[in-house]
Amino acid sequence: MSSSKIPYKIYLEENEIPTSWYNVRADMKNKPAPLIHPGTLQPLKFEDMQPIFCDELIRQELDNDTAYIPIPQEVLDFYKMYRPSPLTHAVFLEKLLDTPAHIYYKFEGNNTSGSHKLNSAIAQAYYAKKQGLKGVTTETGAGQWGTALSMACSYFGLDCKVYMVKVSYEQKPFRREVMRTYGANVTPSPSMDTNIGRKINEEFPGTTGSLGCAISEAVEVAVSTPGYRYELGSVLNQVLLHQSIIGLETKKACEKYDIKPDIIIGCAGGGSNLGGLISPFMGEKLRGEADYQIIAVEPASCPSFTRGKFAYDFCDTGKVCPMAKMYTLGHDFIPSANHAGGLRYHGMSSILSQLYADGLMEARAVEQTSVFEAATQFARVEGILPAPESSHAIRAAIDEALKCKETGEEKTIIFGLTGTGYFDLKAYEAYNNGTMTDYIPTEEDLAKGFAGIPDINL
Ligand SMILES: *Cc1c(COP(=O)(O)O)cnc(C)c1O
């Protein structure tokens with residue numbers, strides 16, 4: 001179809017929302033490495049995970065074979081509040097760049113949590129409720145995941161305890177209040193409610209906390225409180241499964257208007273939005289039915305894919321969680337203060353790590369000021385104020401479109417626009433004032449993180 005016939009915003013009908021998630025592991029020849037127990041180094045079994053996660057979510061975590069998993073009706077009902085999400089033909093951006101490329105973006109920011117994280121939060125809350133649990137615990141850094149899970153828990157009448165990194169709790173009161181409005185109990189971490197929190201407060205008086213410590217607190221509370229489990233918003237196989245709704249809708253919209261993507265781009269923190277967006281396309285690639293160039297974009301300040309090691313490592317600083325084989329900068333690695341809070345994780349999804357190791361996708365790292373330059377260009381012509389995380393994908397999409405301008409190629413580019421940036425205006429302020437900096441870790445900085453990676457060859 002000629003691109004002039006394609007609407008600016010492509011909305012699927014409500015009855016076109018996919019009714020199953022797609023599990024890309026089913027089509028992977030080299031399966032992602034299993035989570036292992038840090039003590040025994042054995043792959044975790046269902047029973048090992050039962051104290052931490054809901055039963056059905058463990059089944060999804062371990063299932064490398066079922067390609068399509070039905071979405072429960074209750075979850076589909078909730079999805080209808082903000083899905084299908086639009087696939088937008090970025091004609092104004094194309095015009096600004098004067099490129100022959102065709103650019104599309106899938107926008108996941110049209111819900112109160114402001115990001116794609118609600119797609120998995122609602123599924124995770126549903127399985128907790130179905131199991132008859134009283135509540136769930138989690139951690140949150142900047143607050144996107146905590147907000148999404150608070151909304152999901154309030155919908156199903158579950159208790160939600162969020163450990164929020166203390167520095168964000170104090171500096172980002174707005175997200176905290178959204179969570180409390182949805183009935184969540186938000187505690188600054190490290191707190192005095194847990195053994196690990198008390199220990200850290202004692203050892204480091206006045207500490208403002210870290211994501212690793214907040215995870216340790218949330219897990220401790222989940223395993224020690226009857227009727228509670230822990231839930232995580234990225235990295236895990238189950239989260240990528242739920243996020244496949246993004247890619248499935250995108251693919252349906254493409255088929256409806258005969259759009260054939262050449263390049264698919266997403267930002268990568270723990271890998272859930274990118275994994276979800278690319279899953280059905282990657283499935284075709286794995287089955288030899290089509291080929292796509294797939295690009296993960298990460299901050300130069302936290303370059304897990306482009307400069308990390310593919311190894312078993314701890315998922316958290318406190319080492320209470322299992323170990324995953326992934327591209328990692330080391331669980332002790334502390335990235336510089338980049339404004340894209342959601343991209344500051346030291347590791348990466350095991351699924352994406354395996355696909356990257358097998359050469360099925362590529363990755364690039366971009367600097368923060370160039371990300372905000374792209375964000376500003378995009379906001380001015382396409383009308384949406386993008387989240388700093390999402391703007392990493394915008395940067396790469398613009399770069400690819402500019403390459404097309406040089407070569408005259410009419411490539412079709414799709415990127416994931418994961419969320420809005422209304423709670424990130426401090427970051428925009430720094431960019432607008434010209435005080436934003438780009439810190440790229442030196443080899444010495446990275447060596448310190450690598451030193452903490454355990455020496456495990458499995
Ligand atoms: C959390 C977050 C991300 C990064 O997480 P992934 O698991 O890598 O998708 C990206 N964008 C936004 C808006 C987020 O909130």
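Rule-based calculations on the coordinates, nothing more; no lab input. Computed from a predicted model, the values in this text were never measured in an experiment. Here Cβ is always computed from backbone atoms with ideal geometry, including for glycine, and neighbour counts include all displayed protein chains.
The phi torsions of region 341-347, fed into the Karplus equation with coefficients 6.51, -1.76 and 1.60 and a -60° offset, translate into couplings of x, x, 10, 9, 7, 6, x Hz, rounded to whole numbers, with Gly and Pro shown as x. Within the same chain, lysines fewer than 8 places from LYS256 are excluded, and of the rest, those with a Cα less than 23 Å from its Cα are LYS5, LYS9, LYS80, LYS106, LYS285, LYS411. Dipole check for region 165-292: with +1 at the C-beta of Lys and Arg, -1 at the C-beta of Asp and Glu, and the Cα centre as origin, the magnitude is about 200 Debye.
For the chain, a simple Cβ point-charge model (Lys and Arg +1, Asp and Glu -1, everything else neutral) yields a dipole of about 620 debye relative to the Cα centre. Only one residue of PHE204, VAL371, PRO100 has its Cα farthest out toward the positive end of the dipole of the chain, where Lys and Arg carry +1 and Asp and Glu -1 on Cβ, and that residue is PHE204. Packing here is the average count of other Cβ atoms within 10 Å per residue, and on that basis the peptides 136-145, 55-64, 216-225, highest first, run 136-145, 216-225, 55-64. Protection proxy ranking for 115-125, 157-167, using the average of other Cβ atoms within 10 Å per residue and placing the highest first: 115-125, 157-167. In the chain, helices alone account for a calculated mean residue ellipticity at 222 nm of -12500 deg cm²/dmol, with every DSSP H run of four or more residues adding -39,500 (n - 2.57). Considering only TYR327, THR306, ILE17, and ranking their Cα positions along the charge dipole of the chain that arises from unit charges at the beta-carbon of Lys, Arg, Asp and Glu, the one farthest toward the positive end is ILE17. The residue among LEU87, TYR127, ASN110 whose Cα reaches farthest toward the positive pole of the charge dipole of region 86-139, with charges on the beta-carbon of Lys, Arg, Asp and Glu, is TYR127. Annotation: extensible slack from TYR439 through GLU47 equals 136.8 nm (criterion: 0.36 nm per residue apart, minus Cα-Cα distance). For the residue pairs LYS29/LYS325; LYS95/LYS426; LYS252/LYS309; LYS199/LYS325; LYS319/LYS448, the alpha carbons lie more than 27 Å apart in LYS95/LYS426; LYS252/LYS309; LYS199/LYS325. Using Cβ point charges alone (K and R +1, D and E -1), the dipole size of region 348-419 about the Cα centre works out to roughly 120 debye. For MET164, the residues 5 or more places off, or on other chains, whose built amide H falls under 5 Å of its own are THR140, THR187, SER189.
With θ taken as phi - 60° and the Karplus curve 6.51 cos²θ - 1.76 cosθ + 1.60 applied, the whole-hertz 3J(HN,Hα) list for region 407-414 is 8, x, 6, 9, 6, 9, 10, 10 Hz, x standing for glycine and proline. Placing R0 at 41 angstrom, the Cβ-Cβ distance between PHE204 and PHE156 gives a FRET efficiency of 0.65 after rounding to 0.05. 3J(HN,Hα) along region 138-152: 7, 10, 8, x, 5, x, 5, 5, x, 5, 4, 5, 4, 4, 5 Hz, from the Karplus curve 6.51 cos²θ - 1.76 cosθ + 1.60 with θ = phi - 60°, whole Hz, x for Gly and Pro.
Reducing region 61-82 and region 360-420 to their Cα centroids gives an inter-centroid distance of 29 Å.
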